[in-house]
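Here is the structure we will look at, set down as structure tokens.
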Amino acid sequence: MPHQKFEYAPAPESRAIVDLAPSYGLFIDGEFTEAADGTVFKTVSPSSEEVLAEVARAGEADVDRAVKAARRAFTSWSALPGAERGKYLFRIARILQERAREFAVLESLDNGKPIRETRDVDLPLVAAHFFYYAGWADKLAYAGFGSDPKPLGVAGQIIPWNFPLLMLAWKIAPALAAGNTVVLKPAETTPLSALFFADVCRQAGLPRGVVNILTGYGDAGAALVAHEDVNKVAFTGSTEVGKAIARTVAGTSKRVTLELGGKAANIVFDDAPIDQAVEGIVDGIFFNQGHVCCAGSRLLVQESVQEEVLDALKRRMGTLRVGDPLDKNTDIGAINSAEQLARITSLAEAGEAEGAERWAPACELPDAGYWFAPTLFTGVTQAHRIAREEIFGPVLSVLTFRTPAEAVEKANNTPYGLSAGVWTEKGSRILSIASKLRAGVVWANTFNKFDPTSPFGGYKESGHGREGGRHGLEAYLAGAAETSNERSEREGERDHEGV
Ligand code: NDP
């Protein structure tokens, strides 16, 4: 039969459901307000470079106002019975479900990620997080942290641009369930969903000051971390900023959790179901344009199946559709910012300069906006920058191995330790390899699976602390002498001696 190629007709999701105002203020003490010095900045759609709105840029005085509002609210919020706090969280979860389509479109507009992902992954997980922690609010005494665990106080939370609303949910839901109040700073390139979330808080009747949202730049984040009346700092972002935050809080009584970068190994053994593994490799590195801290950015493939895997992978990559994030058929959307595009481009150039072989399927990129074709590098060695540094884009580095021991050694040869994947038919091999990998999460015969009941976090330069699950509560409760993260890190050290 002759090969026939059918083009996909455009299937754009309407953006009419999102009612964007020309400008937005900071959300402090239940009200939208201008920045004290009146400064604003613009947020653009990375797929078109269109200005979406102007938002207030918080400064130190605004950080202080927000922390004071959160402190005032803490007294009554923390005194509420857990079941009452739970009611608010359930209400927020239900409103997010009701407004899911609006949020999905908004997030695609401001972030550039495909609507298929915001609609089917981000929003369902966001609601699930609030539902999950709503359920914990009246059961804290049974969570294993003593019979009467207490909240910490005011949490300063700083989130990145790759999953804006989902990272907000990971931060706010456990904090509120445990009785803390929060001041949250979204990333400068993706402020809108957090501001719309402020509206959800109002809709849910959440008492004023319990959630405060400060849009702004890194200096606002730094001021929040340094504020003397913040009890807990929760950060997701780059390792570099994470280290700066650790330095700022060192020597203070502030508790801190850091969720930083990663350079995950996705290990494919010769007995793996190849077609399934290829789907997992694609999901691991091209989901969300590769802007994923736990992305499977290093493919470790057993030498004997290298050719078969790469042939299948290239065929599959040739079917990925890059383009309009609001089109329901789009697989890969826009790169979040010009700055991130420049970083990806320069690391890919370094890959070529260092001698790795670059390949990308033929693919037409839109003229306006920030785009990068799905790319893979073969002939990569462990010394190459593209094997060591987090690219945070749709770029896969392929390395090979011959024995399981070599796979483990290469997988662990990184300063990071956030996630890993193992593809093999043998259950015993999965258990044996997973126990030797120094990564907070190990997926077996799947990749990038998330669930609010499951703790997530890293080893080494991927940070410390766990988010999600019962463990995620611990970061917001006083009293635990040694956190379970520290414990697992310590036990991990012991388990891995000699490997
Ligand atoms: P950053 O770590 O700079 O940004 C994360 C958040 O921290 C943003 O809200 C940012 O604000 C804020 N911030 C920046 N500087 C400070 C500071 N000194 N004190 C407190 N908060 C601060 O990440 P980038 O956006 O610059 O991305 C750079 C690289 O980081 C990426 O290429 C990727 O490798 C990695 N990254 C990892 C993520 C992860 O999930 N692990 C997420 C995002 C990035 P602002 O937006 O204004 O800069």
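No lab work stands behind these numbers, since they all come straight from the coordinates. Just so it is clear, the model here is predicted, and its values are computed rather than measured. Here Cβ is always computed from backbone atoms with ideal geometry, including for glycine, and neighbour counts include all displayed protein chains.
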Signed unit charges on C-beta, dipole axis of the chain, positive-most listed residue 454, 32, 362: 454
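With a Förster radius of 51 Å, plug the Cβ-Cβ distance of residue 97 and residue 388 into 1/(1 + (r/R0)^6) and report the FRET value to the nearest 0.05. Could the numbers behind the result be given before it?
Values: r = 41 Å, r/R0 = 0.81.
Given R0 = 51 Å and the Cβ-Cβ separation, E is 0.80.
Is the chain rounded, prolate or oblate when judged by the Cα gyration tensor, a ≥ b ≥ c being the square roots of its eigenvalues, rounded requiring a/c under 1.5 and prolate requiring a/b larger than b/c? Mind showing how you got there, number by number?
On the way: a/c = 1.84, a/b = 1.32, b/c = 1.40.
Taking the square roots of the gyration eigenvalues as a ≥ b ≥ c, the chain is oblate.
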Dipole magnitude of region 28-151, debye to nearest 20 (Cβ charges: Lys/Arg +1, Asp/Glu -1, about Cα centre): 620
Inter-label distance, nm, simple model (7 Å from Cα along the C-beta direction), residue 271/residue 20: 5.3
Euclidean distance of C-alpha centroids, region 114-141 and region 180-206, integer Å: 15
Set 42/243; 68/113; 232/460; 139/254; 42/328; 113/139 screened for pairs whose C-alpha atoms are more than 32 Å apart: 68/113; 113/139
Student exercise, the chain dipole from Lys, Arg, Asp, Glu Cβ charges, in Debye to nearest 20: 1340
Distance (nanometres) between label positions extended 7 Å along Cα→Cβ at residue 143 and residue 445: 3.4
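Antiparallel DSSP bridges in the chain: what percent, to the nearest 5?
Values: 17 of 57 bridges.
Counting only bridges with both partners in the chain, antiparallel ones make up about 30 percent.
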Cα-based convex hull volume of region 161-217 per residue, rounded to whole Å³: 69
Estimated 222 nm signal from helices in the chain, with DSSP H stretches of n ≥ 4 weighted -39500 (n - 2.57), rounded to 500: -12000 deg cm²/dmol
Rg/Rh ratio calculated on Cα atoms of region 179-305 (Kirkwood radius): 1.12
Cα Rg, Dmax (largest Cα-Cα span) when computed across region 1-98, Å: 21.5, 73
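Report the FRET efficiency, 1/(1 + (r/R0)^6), for residue 279 and residue 80, where r is their Cβ-Cβ distance and R0 is 41 Å, rounded to 0.05. It would help to have the intermediate numbers written out before the result.
Numbers: r = 46 Å, r/R0 = 1.11.
Calculated value: 0.35.
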Centre separation in Å (Cα based) which lies between region 309-368 and region 288-308: 14
Alpha carbon centroid spacing (whole Å) that separates region 23-66 from region 441-458: 34
Relative contact order of the chain, defined on C-alpha pairs under 8 angstrom at six or more residues apart (%): 17
Cut-off 18 Å (backbone N to label point 7 Å along Cα→Cβ of residue 51), residues of region 363-392: 369
J(HN,Hα) series, region 457-467, from Karplus relation 6.51 cos²θ - 1.76 cosθ + 1.60, nearest Hz, glycine and proline x: x, x, 10, 6, 6, 7, x, 9, x, 10, 10
